[in-house]
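Any read-out appearing in this document is the output of simple, stated calculations on the displayed coordinates, not a laboratory observation. Since we're looking at a predicted model, the values are computed, not measured. Cβ coordinates were reconstructed from backbone atoms using ideal geometry, including for glycine residues, and neighbour counts include every protein chain displayed.
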Amino acid sequence: MPETLDALAISAAAERLAPMVRRTPLERSERLSERLGSEVLLKREDLQLCRSYKVRGAHNLIASLTAEERARGVVCASAGNHGQGVAWSCRTLGIRGRVFLPTNTPRQKRLRIAALGGEWIELVIAGGTYDEASAAAHGASAETGAVYVHPFDDARTIAGQGTVGIELVEQAPDLGTVIVPVGGGGLIAGIAVWLRAHAPDVRILGVEPAGAPSMRAALEDGAPVALHHVDTFVDGAAVGRVGDLTFPIVRDLVDDIIAVPEGAICSEMLELYQDEGVIAEPAGALASATLRAHADRVDGVVACLVSGGNNDVSRYAEVVERSLLHEGLRHYFLVSFPQEPGALRGFLDDVLSAGEDIVVFEYVKKNNRETGPALVGLDLETPADLEPLLDRMASSRLEIERIPPGSPLFSFLL
């Protein structure tokens, strides 16, 4: 593995990848440009081979292997997209590989890895997080001699992912700010190395999910540290510890790291789909979701990386739920109805107002409704409707308890 990573290494990676990967479009977002009041562009890596930028780093590393290394095969750990890139590269180059995936990897990504790799790839489910899967893959590498293809903490991977930066500069010479999703840090490290060499005035912002702020933790501690808890919803960026190679690059070359709540990411996923027709996975919506609350952090023409589009359609119910909760449009209550005629009608007439819809109604004790409350979920038209609703509830003779957002009760009732 090369010991140094510089712009020349990224240029060499671009030459190696040119016959294989796509030069993805950089498209104007009317919605975000209007919201920001200046030009906002979407770098569509969701249209890349395997629907993610990850193939750039995976293929650059695997294509760089010697004949002896290829004969030993490769292993990797992945939450999905890196595994797809490795699978595609193994099949393309005729190299045996094993992909270790955490149990939370969406089914759609597992099936895609198997389809892309065909007979050249074996899938192994190991651990509940990426870090546990990575430990299992490292063990397999040590035991068999197979080359470990790191998804972010290898100079060859970083160089391949950094080729996105070359395209950004060529496609938007007047670029002012680039916003990059951050998991382990490989993508933003590679882009930062290239931009600082060829467009040093561009502002570089990294964004990670609030439930997995591993780069922010590393910056605060002065070195990579393992998070005690990781919310795996944004599976493509849910990394508990950033890389030893990527950290100093981000520390020295990136302007800022921002954390975005998972609910805001879900809202952006829905807006990308409804307004731009972009099917983004949670990590793919990280960059543009930043503009919802941090527009003051950007300058000039802004490019947001849509890093991947491998989203399982079965997850959209959860995406909608998280979005509505984050936007203050969905709320849950425990309502104790007296066992008398008209109790529910009184709730509908005296408590609810126009535009307030019941989306959930379920007795908590299903076999004894007389002693247990009902779980009631309500959708509001605007967040401002909550206070009047709470006032009407307080004036009601019914016993009503609000379940606050983030309450542990959610895990038991919803």
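Some observations on this one:
- Positive dipole terminus of the chain, leading residue within Ala223, Val86, Ile191 (C-beta point charges): Val86
- For Leu93, net neighbour charge (Lys/Arg +1, Asp/Glu -1) across residues whose Cβ lies under 13 Å away: +3
- Which of Val351, Val99, Val124 has the fewest Cβ neighbours within 10 Å, and the rest in rising order: Val124, Val351, Val99
- Close amide H pairs (under 5 Å, H built 1.01 Å from N) link Ile258 with Gly206, Val207, Glu208, residues at least 5 positions away or on another chain.
- With K and R counted +1 and D and E -1, the other residues having a Cβ less than 13 Å from that of Glu122 yield a net charge of +3.
- In Hz, Karplus ³J(HN,Hα) per residue of the range 206-217 (6.51, -1.76, 1.60; θ = phi - 60°; x = Gly, Pro): x, 9, 10, x, 4, x, 8, x, 6, 6, 4, 4
- Amide H within-cut-off set for Val364, under 5 Å, with H built and near neighbours excluded: Ala374, Leu375
- The chain, relative contact order in percent, only Cα pairs under 8 angstrom and at least six apart counted: 15
- The chain: angle of helix 107-117 to the longest principal axis, Cα-based, in degrees nearest 10: 20
- Comparing Val230, Val239, Val21 in a Gaussian network model of the chain where C-alpha atoms under 10 Å apart are linked, the largest mean-square fluctuation is found at Val21.
- In Hz, Karplus ³J(HN,Hα) per residue of the range 302-309 (6.51, -1.76, 1.60; θ = phi - 60°; x = Gly, Pro): 10, 10, 10, 7, 8, 6, x, x
- Kirkwood Rh in Å, taken over all unlike Cα pairs in the chain: 22.7
- Convex hull projection area averaged over all views, the range 67-209, Cα basis, nm²: 9.3
- Model label zone, Asp231; criterion: amide N under 20 Å from point 7 Å along Cα-to-beta-carbon; scope the range 186-219: 206-219
- Principal-axis analysis of the Cα atoms of the chain puts helix 386-395 at an angle of about 30° to the longest axis.
- Farthest toward positive dipole pole in the chain [+1 Lys/Arg, -1 Asp/Glu at C-beta], among Pro102, Cys266, Phe361: Pro102
- Fully extending the segment from Glu318 to Arg345 would add 6.7 nm, taking 0.36 nm per residue of separation and subtracting the current Cα-Cα distance.
- For the chain, the longest principal axis of the C-alpha atoms and the axis of helix 155-171 are separated by about 80°.
- In order along the range 12-20, the phi-based Karplus estimate (6.51 cos²θ - 1.76 cosθ + 1.60, θ = phi - 60°) of 3J(HN,Hα) comes to 5, 5, 4, 5, 5, 7, 3, x, 10 Hz; Gly and Pro are listed as x.
- Dipole axis of the chain (+1 Lys, Arg; -1 Asp, Glu on Cβ), positive-most option in Pro200, Pro19, Pro408: Pro19
- GNM on the chain, alpha-carbon springs under 10 angstrom: the most fluctuating residue among Ala12, Ala79, Ala237 is Ala12.
- Entry note, the chain: the mean residue ellipticity at 222 nm calculated from DSSP H runs of n ≥ 4, each adding -39500 (n - 2.57), is -11500 deg cm²/dmol after division by the residues and rounding to the nearest 500.
- Cβ-based exposure ranking for Leu65, Leu36, Leu305, in which fewest neighbours within 10 Å come first: Leu36, Leu65, Leu305
- Across the range 1-62, the relative contact order, built from alpha-carbon pairs under 8 Å that are at least six residues apart, equals 30 percent.
- Among Leu286, Leu380, Leu205, the largest mean-square fluctuation in a Gaussian network model of the chain (Cα springs under 10 Å) belongs to Leu380.
- Taking other residues whose beta carbon is less than 13 angstrom from the beta carbon of Glu143, and scoring Lys, Arg as +1 and Asp, Glu as -1, yields +2.
- Förster-model FRET efficiency, 56 Å R0, Tyr148 and Glu387, C-beta, rounded to 0.05: 0.55
- Shape of the range 328-413, Cα gyration tensor, a/c cut at 1.5: oblate
- For the chain, a crude dipole built from +1 on the beta carbon of Lys and Arg and -1 on the beta carbon of Asp and Glu, taken about the Cα centre, is about 1420 debye to the nearest 20.
- Across the range 55-148, C-alpha contacts under 8 Å between residues 6 or more apart give a mean separation that, scaled by the residue count, equals a relative contact order of 32 percent.
- By the equivalent-ellipsoid construction on the alpha carbon gyration tensor, the range 55-148 comes out with semi-axes of 19, 15, 10 Å, ordered largest to smallest.
- Order of Val278, Val202 under a 10 Å beta carbon neighbour criterion, fewest first: Val278, Val202
- For the range 162-268: span of alpha carbons on each principal axis (Å, largest first): 40, 32, 19
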